[in-house]
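Below: the structure, in structure tokens.
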Amino acid sequence: MADVTALAGTQAYAKALNNAIGARGAGESLNGTEAAAGPSFAELLAEAGQSAIETGVGAEKVSLESITGDAGLADIVTAVSNAEATLETVVAVRDRVIQAYQDIIKMPI
């Protein structure tokens, strides 16, 4: 199960990077100036975090609509599945950041 969430986190990061820099052909690569013109890693993480928050808020709205009877079962299941996948992605990214930090701390100076 952890491999799936790590894969999902990697795919989300790649999608955000492609959206930020612009769609590229399969054979094209980035040179130094194009990469520098794109957003920073912190900006990409902030964007991904905002997207995760919006997904959670959307799922909560659908949950409230289900109580009043305004949302169908398919809408509820879809919203909960999206929120669960987003949460797993966020947890996978958090775990990777913590592991990277611990690896840096263990490096000899």
_Condition (residue is among the aliphatic types (A, V, I, L, M), in a helix (DSSP H, G or I) and modelled with pLDDT of 65 or more) applied to segment 34-43: is it met by at least one residue?_
yes
*For segment 64-109, which residues satisfy the criterion of being touching a helix residue (DSSP H, G or I) at 6+ places or on another chain (Cβ under 7 Å), over 23 Å from Phe41 (Cα atoms) and part of a helix (DSSP H, G or I)?*
Ser66, Asp75, Ile76, Ala79, Val80, Asn82, Ala83
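The values are calculated or read from the model by the stated rules, or taken from the named source; none is laboratory data. Computed from a predicted model, the values in this text were never measured in an experiment. With ideal geometry, Cβ positions are generated from the backbone for all residues, glycine too; neighbour counts draw on all protein chains shown.
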